[in-house]
Amino acid sequence: MELANEAHGFPTKEKLNQNFIAYFEKQMNKRGGNSKTAWLNTFKHLNDFCGGTALFTEIDREWLEEFIEYVHTKVSPSSVSTYFAKVKCPYIHRFEYNKQLIYIYTSNPT
């Protein structure tokens, strides 16, 4: 079943149990210039919000809403939008097959 899932682009149980924050950091390290600064600031808020660990399986609509609420208490509304865009970027890239998550991520968080 795992091989069939992977062959069709669905994540395996192993991939779903990976740390999103570590994955986000890898994606951040691929960036440069001003973009890297926004990714780094987002990374810092992610770490503060969840203590450095958030499995892909833990990230759902409620988690995202709580993260947005948390960030709203720390930065300006325009920064919230920027940080949310950075959080959804690697997640959608990783799980682009899941139409429900894509819908959640593409809706306006503010």
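The values are calculated or read from the model by the stated rules, or taken from the named source; none is laboratory data. The shown structure was predicted, so the numbers you read here are calculated from the model rather than taken from an experiment. When we count neighbours, we look across all protein chains shown, and the Cβ atoms used for this are built from the backbone with ideal geometry, even at glycine.
So, of the residues in the stretch 31-45 that are buried (at least 16 other Cβ atoms within 10 Å of the Cβ) and of a type in the set (A, V, I, L, M, F, W, C), which turns out to be modelled with the highest pLDDT? Per the criteria, the residue is Phe43.
Val87 - would you say it is in a helix (DSSP H, G or I) and closer than 20 Å to Gln18 by Cβ? Here the answer is yes, as Val87 does meet what is asked. Do we have Glu66 as in contact with a helix residue (DSSP H, G or I) (Cβ under 9 Å, 6 or more places away or on another chain), at pLDDT 85 or above and over 20 Å from Ala38 (Cβ atoms) here? Yes, satisfied.
Residues are listed down the side, and each one gets a yes or a no for (1) part of a helix (DSSP H, G or I); (2) modelled with pLDDT of 65 or more:
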| residue | (1), (2) |
| --- | --- |
| Ala4 | yes, no |
| Lys26 | yes, yes |
| Asn47 | yes, yes |
| Thr57 | yes, yes |
| Ser78 | yes, yes |
| Ser81 | yes, yes |
| Tyr97 | no, no |
| Pro109 | no, no |
